[in-house]
1. Name every residue in segment 20-61 that is acidic (Asp, Glu), more than 13 Å from the chain's Cα centre (by Cα) and modelled with pLDDT of 95 or more, in order of residue number.
2. For segment 94-116: of the residues being among the acidic types (Asp, Glu) and within 21 Å of Asn73 (Cβ to Cβ), which is surrounded by the most Cβ atoms within 10 Å (Cβ to Cβ)?
3. Would you mind telling me which numbered condition in (1) more than 22 Å from Gly23 (Cβ to Cβ); (2) surrounded by fewer than 16 Cβ atoms within 10 Å (Cβ to Cβ); (3) modelled with pLDDT of 95 or more Asp68 fails?
4. What do you reckon, is Pro30 loosely packed, with under 14 Cβ neighbours inside 10 Å and farther than 25 Å from Arg148 by Cβ?
5. Report every pair of residues separated by at least 6 positions or lying on different chains whose Cβ atoms are under 8 Å apart, first residue within segment 5-30 and basic (Lys, Arg), second at pLDDT below 95.
6. Is there a residue being among the charged types (D, E, K, R) and modelled with pLDDT under 95 anywhere in segment 87-110?
7. Would you pick out the residues in segment 48-98 that are free of Cβ contacts under 8 Å to residues at least 24 places away in the same chain and among the hydroxyl-bearing types (Ser, Thr, Tyr)?
8. For segment 117-132, how many residues meet the condition of being surrounded by fewer than 17 Cβ atoms within 10 Å (Cβ to Cβ) and either in contact (Cβ under 8 Å) with a residue 60 or more places away in the chain or part of a loop (DSSP other than H, G, I, E, B) (or both)?
Amino acid sequence: MVDAASISRYIAEQFEGVDVEVGSREAGSPEIAWGDTFFIYDPDRNLEGAGRFPFATIVTKDYGDFDDASDLNRPGVFRFNIGVSKETYQSLFPDEGPHDFTALDVLMPHPVYGRNHWVCVLNPSEKTFEKLKPLLAEAYAIAVRRIRKRSKR
C-alpha cells in the first residue's frame, strides 16, 4: 500500500505552488481536522479563508455523524480524496449505484462530497495510485485555473 506520507511527498514534489497543510491547533484548523492533510494551490502563499480550498485531501478519521461512512477510525486506514471535473466524475461513475465506502483500494465517489465531483480511495495500492495520478493532475489544473481567474479580477 501507498502510505499518506508518500502521497504527500509526491504531490509536494510533482505540483508547483502547492501548500501542503496538516490540520493543527497552530494552523488554526478546527480540532476535528487535526492530523488531516490538505493540498492547496497557493503559489504566492497569500490565500486566506475560503480561498484556501484544497484540490485533494488525506483524511485519517471519521468526522462524527457528518462523514463516517468510510469507517476511518479503523487502525491504519486513511482516505485519499480528489476533486475532479464533472465530466471526469460522470465518466468514472455513470450511474449512482451502491458503493461500499469501507472498501480498501477501490476508486469510488466520496461518500459526502461525491455530488461535488470528489472521488476517493481508502489506502490505495501502488497500482491504484498510478491510476489516480491523472485525476490528481486534473484536480491541480482545476485549482490553478480557479486561482488565475480570481487573480484577474
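1. Keep residues of segment 20-61 that are acidic (Asp, Glu), which gives 21, 26, 31, 36, 42, 44, 48.
Checking which are more than 13 Å from the chain's Cα centre (by Cα) leaves us with 26, 31, 42, 44, 48.
Asp42, the sole residue that qualifies.
2. Keep residues of segment 94-116 that are among the acidic types (Asp, Glu), which gives 95-96, 100, 105.
Pick out the ones that are also within 21 Å of Asn73 (Cβ to Cβ) and you get 100, 105.
Details: Asp100: 11, Asp105: 14.
Among residues in segment 94-116 that are among the acidic types (Asp, Glu) and within 21 Å of Asn73 (Cβ to Cβ), the one surrounded by the most Cβ atoms within 10 Å (Cβ to Cβ) is Asp105.
3. Condition (1) is where Asp68 drops out.
4. On the way: loosely packed, with under 14 Cβ neighbours inside 10 Å: yes; farther than 25 Å from Arg148 by Cβ: yes.
Yes: the conditions hold for Pro30.
5. Partner pairs satisfying both residue conditions: Arg25/Glu31; Arg25/Trp34.
6. Taking segment 87-110 first, the residues among the charged types (D, E, K, R) are 87, 95-96, 100, 105.
Checking which are modelled with pLDDT under 95 leaves us with 95-96.
Yes, segment 87-110 contains a residue that is among the charged types (D, E, K, R) and modelled with pLDDT under 95.
7. Ser91
8. From segment 117-132, those surrounded by fewer than 17 Cβ atoms within 10 Å (Cβ to Cβ) are 125-127, 130-131; that's our starting set.
From what is left, the residues that are either in contact (Cβ under 8 Å) with a residue 60 or more places away in the chain or part of a loop (DSSP other than H, G, I, E, B) (or both) are 125-126.
Looking only at that region, the number is 2.
The values are calculated or read from the model by the stated rules, or taken from the named source; none is laboratory data. Computed from a predicted model, the values in this text were never measured in an experiment. We place every Cβ from the backbone using ideal geometry, glycine too, and count neighbours over all the protein chains shown.
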